[in-house]
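Below is one structure, written out as structure tokens, with a few remarks after it.
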Amino acid sequence: MMWRPLSTTGILCAILCGHSGRVWAQAETQGPETPIRQTFRLTIPADISLTCPDTDVDMEHSGQDQDQRFPRQVWSVRGNTPRGVTLSFTLDGPFRTGAGDQDHLRRDASARLILTRQFNDGPFRWTDRNGRLDTDIARGKFSDSWQTRSIGVGAALIHVDMTFINRLNGDGLDSYAGGEYITTLTGEVTESP
């Protein structure tokens, strides 16, 4: 039995009727001393992502008259675009409870960010590996931002250390209004221009 290509009608009939048939791609035949080139192509999809371990990090005040450090959060960033990625973080404001703008209803926030390369995950290099974002209510600084760019492709970890700053040293917990004090750190990754 000799195999031969199916016609378009034959292929359609085989698909609709549930029969299998051999379908041939366009073959190329050359004569002597005429080379044939076959191209193989693999597409790797773009992968740009930023991941945080949890969107809500809760902690109770220790009762000690000192800064309150949240547990370290480890974010991850990936990027495989030839131009690299731009990583941006914004601290949206001081810790505050309710909608309070009075000093006893808000406290400064400080976030330290350290980028580390994941073991064997590409040649990522960064224009800046250490970021610090702070608010300073007394000086009118109510938000902060930090940005860095990667050179090359790969993956990295971002260690985020958030601190609730105790500006009322010696006054104890009596100087704090009760309630939940909240601030937000926003991260974003984009392809570099």
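The values are calculated or read from the model by the stated rules, or taken from the named source; none is laboratory data. Bear in mind the structure is a predicted one, so any value in this text is a computation, not a measurement. Cβ placement follows ideal geometry from the backbone for every residue including glycine, while neighbour counts extend to all protein chains displayed.
Some values worked out for this structure:
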{"read-out": "Where TRP75 falls short, out of the listed (1) surrounded by 10 or more Cβ atoms within 10 Å (Cβ to Cβ); (2) farther than 20 Å from ASP134 by Cβ", "value": "(2)"}
{"read-out": "Residue identified as modelled with pLDDT of 90 or more, among the aliphatic types (A, V, I, L, M) and over 22 Å from ASP54 (Cα atoms) among VAL189, VAL85", "value": "VAL85"}
{"read-out": "Condition met for GLY140 (more than 14 Å from the chain's Cα centre (by Cα), modelled with pLDDT of 80 or more and exposed (fewer than 14 other Cβ atoms within 10 Å of the Cβ))", "value": "yes"}
{"read-out": "Long-range neighbours under 7 Å by Cβ, at least six apart or interchain, first residue in contact (Cβ under 8 Å) with a residue 24 or more places away in the chain and among the acidic types (Asp, Glu) within region 38-62, second surrounded by 10 or more Cβ atoms within 10 Å (Cβ to Cβ) and part of a strand (DSSP E or B)", "value": "ASP47/ARG78"}
{"read-out": "Test: residue in region 58-71 that is at pLDDT below 90 and of a type in the set (Asp, Glu)", "value": "yes"}
{"read-out": "Lone unmet requirement of (1) among the hydroxyl-bearing types (Ser, Thr, Tyr); (2) farther than 27 Å from TRP146 by Cβ; (3) modelled with pLDDT of 90 or more for SER7", "value": "(3)"}
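Condition check ((1) modelled with pLDDT of 90 or more; (2) in contact with a Lys or Arg (Cβ under 9 Å, 6 or more places away or on another chain); (3) buried (at least 18 other Cβ atoms within 10 Å of the Cβ); (4) part of a loop (DSSP other than H, G, I, E, B)) across all residues:
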position: ARG41; (1), (2), (3), (4): yes, no, no, yes
position: PRO45; (1), (2), (3), (4): yes, no, no, yes
position: SER49; (1), (2), (3), (4): yes, yes, no, no
position: ALA99; (1), (2), (3), (4): no, no, no, yes
